[in-house]
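The values are calculated or read from the model by the stated rules, or taken from the named source; none is laboratory data. Everything numeric in this text was worked out from a predicted model, so none of it was measured. Note that we place each Cβ from the backbone using ideal geometry, even for glycine, and neighbour counts take in every protein chain shown.
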Amino acid sequence: MSNHDEELTPTPGQRAINLFRRTDVQRALLFTILWTAVFVILGLYFYPKWMPEVMSVDMKSMERIMIGFTIISAPIAGLVLGIATQAITNRHKGDTPPPDGPAVRTNGPIVAVWTVVSGIFCLIAIVWGIVEVNTMANAATTEAGTAVHVQVIGSQWVWSFKYPDQGVESDKLMLPINRPVVFDVISEDVNHSFWPVQLGVKVDANRLQTTVIHTVPTKLGNIDVKCAELCGLYHAYMETSGKVMTTDDFNNWITTNGGHVA
Amino acid sequence: MTTLHNTSTHSRPIPNPSKSLITKLNMGTGLVVGVIFAFAAYYAFRPNADTAGFYNQQNKALLAAMLFWSVGFLIGIGAFIGPFRWLIGKDLTAEEQLYLAGDGQGVKRYFKYCTDHKVVGIQYLVGVMAMLAVGGGMAMMIRTSLAVPGGHFIGASVYNSLVGMHGITMIVAMIIVATGPFGNYIMPIMIGARDMAFPRLNALSWWVLFTAIPVLCSAWFLGGIPTGWTAYAPLSVQAGPGMNAFVATILIFAVSTAVAGMNVTSTVVAMRAKGMKWNRVPIFVVGATMSVALAIPAFPTFMLAMVQTATDRVFNTGFYDANVGGSGWLYAHLFWIMGHPEVYVILLPGIAILMEIAPVFVRKPLFSYNAAIMGFAGIAGLSVLVWAHHMYISGWTPTLNGPFMVTTEMISVPTGLLFLVMLGTIWRGKPWMKLPMLGLFAVIWNLLIGGITGIYLSDVPADNYLHGSMFVTAHFHYTLMGAALTGAVAGLAYWFPKMTGRMLNEPAGYTAFWFTQIGFQVLFLGMFIAGAEGQPRRVVSFAAMYKYSNMISTGGAYLVGIGFIILLWAVIHSWRKGDIAPQNPWGAKTLEWTVPYPVPLENFDEAPIITSDPYGYGKGN
Ligand code: HEM
Ligand SMILES: [Cu+2]
Ligand SMILES: [Cu+2]
């Protein structure tokens with residue numbers, strides 16, 4: 001009897017309990033958790049595995065974002081796919097339409113909660129991004145004084161590098177470790193895009209218009225330099241290599257190429 | 001059964017105004033006049049190989065030939081007879097108007113300037129399928145070439161052209177893939193109209209678009225489009241004569257979308273059945289209308305960008321030439337002010353189709369019609385404020401990257417509403433797993449992946465790495481192909497019975513579905529990995545370290561190719577000899593299912609009166 005009364009006017013607490021007693025809700029929840037786990041694993045394990053070695057502060061921040069955003073979006077993706085998977089397990093077979101479902105036209109609180117929660121997730125992503133952008137911009141100004149300056153010249157279809165302070169020119173990108181570097185990038189013809197892959201930065205090379213990027217290499221090793229903007233026939237072959245070296249090695253390289261250490 | 005299908009229900013005499021010029025004109029006369037115009041224009045502006053200005057003269061002559069071809073074709077098919085007759089005070093007679101509507105002309109009307117919206121819808125459908133087939137063939141060649149490192153299969157020049165031609169063919173096809181066939185054939189019936197608001201403009205939009213197709217194809221014989229679909233300057237100014245085909249295609253296509261957009265919006269505003277208030281309009285109509293309405297302000301900037309590309313190439317105006325004070329950034333802005341809204345022009349109708357399908361196949365009302373409208377409107381509104389996320393690393397103004405990041409990431413909120421509507425509709429229902437419904441589930445997955453990867457790309461530090469890489473290519477294929485195209489194919493499966501009178505072959509349809517969808521995941525999973533590993537996009541050759549990811553991609557691409565061939569076979573076969581469809585095979589409540597096949601010339605014998613929205617499914621409704 002009392003059970004019957006409850007169904008007429010359930011309290012919010014009882015409504016919640018009833019909701020979780022429903023098998024479709026339980027199943028959807030289970031699938032939500034499974035899918036969330038899939039995305040968390042994807043973020044934690046696969047991105048670091050696929051992306052090249054982290055050799056600069058910018059690459060580090062990029063990797064943090066890929067992992068972080070994947071994990072943040074995991075519960076949302078989990079819920080979406082959880083509900084969809086639940087629906088698939090409940091599918092109707094046959095050549096006639098399924099029986100009528102409940103005639104629910106909307107659910108105000110659900111729409112509101114969905115909107116607010118997705119807004120919050122969106123806000124987290126925005127704030128995170130803004131903070132990273134600001135950190136990068138600030139670092140660029142404070143470290144500019146001590147930085148190595150490299151002039152990057154793109155032309156169809158080669159990269160070349162000038163070190164104005166050291167008086168060296170090269171077709172390979174050589175950098176000292178742990179010292180900020182500023183790239184002044186320019187093109188002699190059409191647009192190119194300067195991409196030292198393992199440093200995690202990129203900027204277009206435009207004709208008569210210098211663009212600037214900044215980073216700090218943090219690990220010794222080889223760099224692949226590529227062009228990331230279709231620039232004509234041999235765009236695919238517009239690549240060269242480079243190296244992050246110890247300060248001593250870098251200075252040696254400068255002097256053996258006729259430059260002076262600065 | 002077949003007798004019923006073939007019975008013609010003509011009650012009035014077949015119009016035959018045999019003295020009128022319109023009876024003599026068709027696609028053939030259009031081709032003849034168009035070709036004459038093209039040669040005449042080329043001859044008038046013919047370049048002189050001995051002069052220094054040969055390059056400019058050649059561009060001028062080719063552009064003139066292409067644009068005059070389009071005008072000549074339209075004259076030759078009779079597109080301007082109506083306005084001309086009106087101008088001289090001798091408007092078309094009622095009989096001539098009926099003749100123009102194709103009344104009683106059978107298959108011939110598909111090759112004429114026909115004002116019946118259902119004929120235009122079929123013309124768009126066949127045209128779109130042809131474009132997708134050609135674009136898909138080029139994709140297969142691209143992926144074959146990328147199967148192994150080193151680029152041995154095709155040379156750099158042909159490869160670059162393939163990428164550009166594939167891209168622009170597919171983008172053009174995707175812009176019209178849903179609003180063309182279904183917006184023309186189904187939408188007027190859905191709102192209870194007898195035709196579009198401007199039937200002659202409707203025919204014009206199709207035939208203008210049609211003239212762009214040979215122009216685009218001519219690029220192959222003029223050295224190709226070596227710039228990718230984005231046609232960035234100054235590379236586009238430097239490019240060879242094939243570039244003129246790109247410029248002319250866009251100029252012509254922009255006219256077609258403007259005409260079509262105006263026509264569709266006018267129709268929906270002015271021609272709805274009695275009682276169809278705004279909150280009773282089927283959701284597909286809302287989504288399609290928002291899509292074409294968004295294209296109206298977007299396309300003129302692309303047109304302007306192309307006009308400037310043309311004048312740079314013909315008159316050395318130097319809009320994009322830094323040597324004389326121009327800038328490639330100007331082009332990039334004009335392009336993306338069109339380009340970003342345009343991706344939502346493509347997406348919205350696809351999603352709206354699925355929202356139309358879901359209630360029918362779970363027998364529940366659409367969940368929160370208002371959230372759907374807010375989702376569409378929010379996306380359309382924000383989409384004009386985000387274009388520079390394509391230019392984060394162009395260096396034009398790094399300080400504005402922050403604000404563009406904010407607007408871009410805000411789009412995920414209205415996008416979330418679209419998910420809520422789809423999920424809310426299927427929740428607690430028993431989905432009937434027919435082909436259209438399979439499309440819905442596939443799109444939920446694909447759009448989710450496309451959306452999440454979009455959030456990475458909208459983040460500036462992440463885009464510093466990912467821009468210009470295969471990762472971007474994979475992102476937009478998940479949204480364009482995985483979501484928008486899958487949605488359109490679901491729409492084809494859903495409306496096939498109404499458009500052809502026959503059911504789409506199910507076993508072939510399911511097989512095609514699984515081949516395309518599984519192949520698609522493999523194909524673009526491989527491409528995400530290649531991008532994360534650092535492979536740039538649009539490269540004919542890549543290093544050995546990307547070997548496996550590319551091999552996976554190519555394998556997936558072949559599965560997709562097989563799937564689409566099966567789908568094409570299913571469509572052609574079912575169209576010719578599929579099972580005869582009942583009038584309302586899915587038990588849906590929108591108006592198009594209340595009319596028989598073949599749909600009578602003016603759709604309804606009696607104008608329908610609407611008393612509720614079309615989603616009254618479910619217990620207690
Ligand atoms: C939440 C949703 C989305 C976000 C946040 C987003 C974000 C982005 C960003 C930031 C880029 C630029 C990447 C780069 O070039 O570095 C991009 C590229 C692109 N997106 Fe999206 N996107 C979203 C959804 C979509 C949808 C729905 C479509 C199409 C239906 C789409 C189509 C494209 C295309 C075509 C490109 C590349 C254009 C090119 O460079 O060739 N995106 N997206
Ligand atoms: Cu390049
Ligand atoms: Cu965009």
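In the set A:V158, A:V133, A:V182, which member is among the aliphatic types (A, V, I, L, M), more than 8 Å from every other protein chain (Cβ to nearest Cβ) and either closer than 20 Å to B:T397 by Cα or under 25 Å from the mean Cα position of the chain (by Cα) (or both)? After ruling out the rest, the residue left standing is A:V182. Here B:S574 fulfils each of the conditions (1) modelled with pLDDT of 95 or more; (2) exposed (fewer than 15 other Cβ atoms within 10 Å of the Cβ); (3) polar (S, T, N, Q) apart from (2). If you go through the stretch B:592-621 and pick out every residue that is assigned to a helix (DSSP H, G or I) and either within 13 Å of chain A (Cβ to nearest Cβ) or closer than 23 Å to A:T106 by Cα (or both), you end up with 1.
Is it fair to say B:E533 is surrounded by fewer than 20 Cβ atoms within 10 Å (Cβ to Cβ) and within 12 Å of chain A (Cβ to nearest Cβ)? No: the conditions fail for B:E533. In the stretch B:346-368 there is no residue matching the filter, namely being away from chain A (no Cβ under 14 Å) and surrounded by fewer than 24 Cβ atoms within 10 Å (Cβ to Cβ). When A:I153, A:I213 are checked against the criterion of being among the β-branched types (V, I, T), part of a strand (DSSP E or B) and surrounded by fewer than 19 Cβ atoms within 10 Å (Cβ to Cβ), a single residue qualifies: A:I153. For A:I223, the stated conditions hold: it is in contact (Cβ under 8 Å) with a residue 60 or more places away in the chain, within 14 Å of chain B (Cβ to nearest Cβ), in a strand (DSSP E or B) and touching a Gly at 6+ places or on another chain (Cβ under 8 Å).
When the stretch B:425-444 is filtered for residues that are assigned to a helix (DSSP H, G or I) and either facing another protein chain (nearest Cβ under 7 Å) or in contact with a Cys (Cβ under 8 Å, 6 or more places away or on another chain) (or both), the ones remaining, listed by number, are B:I426, B:F441, B:I444. Scanning the stretch B:469-512 for residues that are more than 16 Å from ligand 2 (Cβ to nearest atom), over 29 Å from B:A581 (Cα atoms) and within 14 Å of chain A (Cβ to nearest Cβ) gives B:F471, B:A474, B:H475, B:Y478. Number of residues in the stretch A:199-212 that are in contact with a helix residue (DSSP H, G or I) (Cβ under 8 Å, 6 or more places away or on another chain) and either more than 8 Å from chain B (Cβ to nearest Cβ) or within 16 Å of ligand 3 (Cβ to nearest atom) (or both): the value is 1. Restricting attention to the stretch B:396-415, the residues being under 14 Å from B:Y369 (Cα atoms) and either within 7 Å of chain A (Cβ to nearest Cβ) or over 29 Å from the mean Cα position of the chain (by Cα) (or both) number 0.
Kindly indicate whether A:V113 is of a type outside the set (S, T, Y), under 30 Å from A:R22 (Cβ atoms) and not assigned by TED's automatic domain parsing to the domain that holds A:S170. When the stated conditions are applied, A:V113 passes them.
Scanning the stretch B:374-406 for residues that are within 13 Å of ligand 3 (Cβ to nearest atom) and over 27 Å from A:F194 (Cβ atoms) yields B:I379, B:L382, B:S383, B:V384, B:L385. No other residue among A:K219, A:K172, A:K202 is within 21 Å of A:P52 (Cβ to Cβ), within 16 Å of ligand 1 (Cβ to nearest atom) and basic (K, R) apart from A:K202. Looking across the stretch B:304-320, the residues that are surrounded by fewer than 19 Cβ atoms within 10 Å (Cβ to Cβ) and either in contact with a Leu (Cβ under 9 Å, 6 or more places away or on another chain) or not polar (S, T, N, Q) (or both) come down to B:L304, B:V307, B:F315, B:G318. Counting only residues that are assigned to a helix (DSSP H, G or I) and among the small types (G, A, S), the stretch B:131-161 holds 9 of them. Annotation note: of B:P507, B:P461, the sole residue that is in a helix (DSSP H, G or I), more than 22 Å from B:M187 (Cβ to Cβ) and in contact with a Ser or Thr (Cβ under 6 Å, 6 or more places away or on another chain) is B:P461.
Of everything in the stretch A:213-249 that is within 21 Å of the chain's Cα centre (by Cα) and of a type in the set (V, I, T), the residue that is nearest to ligand 3 (Cβ to nearest atom) is A:I213.
Among the residues making up the stretch B:385-410, none is at pLDDT below 90 and of a type in the set (D, E). Can you run down the residue pairs with Cβ atoms below 8 Å, 6 or more apart or on separate chains, where the first is in the stretch A:86-99 and touching a residue at least 24 places away in the same chain (Cβ under 8 Å) and the partner is outside any loop (DSSP other than H, G, I, E, B)? Pairs found: A:Q86/A:D24; A:Q86/A:R27; A:Q86/A:A28; A:Q86/A:F31; A:T89/A:R27; A:N90/A:D24. Within the stretch A:239-262, residues that are assigned to a helix (DSSP H, G or I) reach partners that are modelled with pLDDT under 95 and of a type in the set (S, T, N, Q) with beta carbons closer than 6 Å, at six or more positions or on different chains, in the pairs A:I254/A:Q166. If only residues of the stretch B:341-400 that are outside any helix (DSSP H, G or I) and within 12 Å of ligand 1 (Cβ to nearest atom) are counted, the one that is nearest to B:M422 (Cα to Cα) is B:V386.
Exactly one residue among B:L480, B:L417, B:L485, B:L447 is part of a helix (DSSP H, G or I) and more than 11 Å from ligand 1 (Cβ to nearest atom), and that residue is B:L417.
Taking A:V113 as the residue in question, decide whether it is part of a helix (DSSP H, G or I) and over 27 Å from the mean Cα position of the chain (by Cα). In short, yes.
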